[in-house]
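What follows is a short report on a single structure.
The values are calculated or read from the model by the stated rules, or taken from the named source; none is laboratory data. None of the values given here were measured: they were computed from a predicted structure. Quick reminder, even Gly has a Cβ in these numbers, built from the backbone with ideal geometry, and neighbours come from all protein chains shown. When the accessible area is computed, the model is the full protein with side chains, heavy atoms only, and any ligands, DNA or RNA have been set aside. Shrake-Rupley method; radii C 1.70, N 1.55, O 1.52, S 1.80 Å.
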Amino acid sequence: MQANVIGIKEGVIGVEVIDPRGNSHLIELAVDNEDADDFHGQDTYPHSSGERDNEEERLMNQVFARARFEAHTQTEYDILRSGWDPTQLRRGIDALERISDDEFDDLFYEYYMALHDPTRLKDEYDIGPDTAEVGGNPRIALVIKSFCIDDQNEIVNDLPLFVFYSSEQADKNYTAGPDPDCPSGTTEIPSMLPPFKDAPEDFVYPEDFRGLMINNLICQIRDVYRNMGERPPKQYDIDGFGKPHGNFDR
């Protein structure tokens, strides 16, 4: 897609996006007023979400994501969360690559064990058949471990585990655990992985687990681009688990 910031006026950023079909969209992002609605103008597709087919709806969402990305990278406004900013995720990869094995073990051993057996998390976060928001026997679908980096890409803090869970009877995921929140002046980097099913016999901790976390961050960068209808840069277009959902087919 092609995107250009066409103006900023009274806290509203105007972005023009040309979608892959050659159609023009005008996006107005109200960045100074949390209560104001953003605007998506176009004359090609049905204006009501309920009247668009799945592919049209996905394209409209991709266009909006592309506009937000353009506004974030081309203006002074900080619009995207760090987990949706490839530059910040790249800094997280650098942080993981530079720490020692002992530091890595101190920070991420609990995460590694939780992916092997998430039962403890179900007990800790009270995710049971009678207490969870889903019917049936809940299962952990995704475990998120965020860490906080400073301006030198040094890990200065880590956060409690946060999970997505579901069940065979549910059609969506629910969340449990404390919301990730890094201290002021630091940047949150989220690692998000599903529990292990069958880890290879030659999987070595911590080396291979560090590699798996780095792979996840690379794949998250891949999915940031896919989420806005873009082809990821070649170095990030690899196999692996990235974002759990977005405007793309997994």
How much of Y205 can a 1.4 Å solvent probe reach, expressed as accessible area in Å² and rounded to 10?
50
Calculated FRET efficiency for the pair E51/A30, C-beta based, R₀ 25 Å, to 0.05:
0.50
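Which three semi-axes in whole Å describe the equivalent ellipsoid of the range 16-57, each the square root of 5 times a Cα gyration tensor eigenvalue, listed largest first?
22, 14, 8
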Isolated Cys in the chain by the 4.7 Å beta carbon test?
C219
Dipole of the range 38-88, positive direction: furthest Cα of Q62, H40, Q88, with charges on the beta-carbon
Q88
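What does the charge count around R250 come to, taking other residues whose C-beta lies under 11 Å from its C-beta (Lys +1, Arg +1, Asp -1, Glu -1)?
0
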Sort 83-89, 100-106 for me by packing, meaning the mean count of neighbouring Cβ atoms within 10 Å per residue, highest on top.
83-89, 100-106
About its Cα centre, the range 2-74 carries a charge dipole, from +1 on Lys and Arg Cβ atoms and -1 on Asp and Glu Cβ atoms, whose size in debye to the nearest 20 is 320
Looking at the range 162-250, I'd like the Rg to Rh ratio, where Rg is from alpha-carbon atoms and Rh is Kirkwood's inverse mean 1/r.
0.99
If you place +1 on the Cβ of every Lys and Arg and -1 on the Cβ of every Asp and Glu, how big does the dipole about the Cα centre of the chain come out, in debye to the nearest 20?
760
Might you report the magnitude of the Cβ-based charge dipole of the range 40-81 about its Cα centre, with Lys and Arg at +1 and Asp and Glu at -1, to the nearest 20 debye?
180
Within the accessible area of the chain (1.4 Å probe), percent carbon and sulfur
42
Efficiency of FRET from Cβ geometry, F196 and D150, R₀ 35 Å, rounded to 0.05
0.70
With just the Cα atoms of the range 160-214, tell me how far they stretch along each of the three principal axes, in Å, largest first.
41, 37, 14
Cα-based Kirkwood hydrodynamic radius, the range 1-119, one decimal, Å:
17.2
Normalised by the residues of the chain, what does the relative contact order come to in percent, with Cα pairs under 8 Å and at least six apart?
16
Could you check the spin-label model distance between D181 and R98? Points 7 Å from the Cα along Cα→Cβ, value in nm.
2.8
On full extension of the chain, what length is gained from N23 through T75, given 0.36 nm per residue of separation minus the C-alpha to C-alpha distance?
16.3 nm
Over the chain, the sum of -39500 (n - 2.57) across DSSP H runs of at least four, divided by residue number and rounded to 500 deg cm²/dmol, gives at 222 nm -10000 deg cm²/dmol
Largest first, how would M192, M1 line up by accessible area (1.4 Å probe)?
M1, M192
For the chain, what is the convex hull (Cα atoms) projected area averaged across all directions, in square nanometres?
15.7
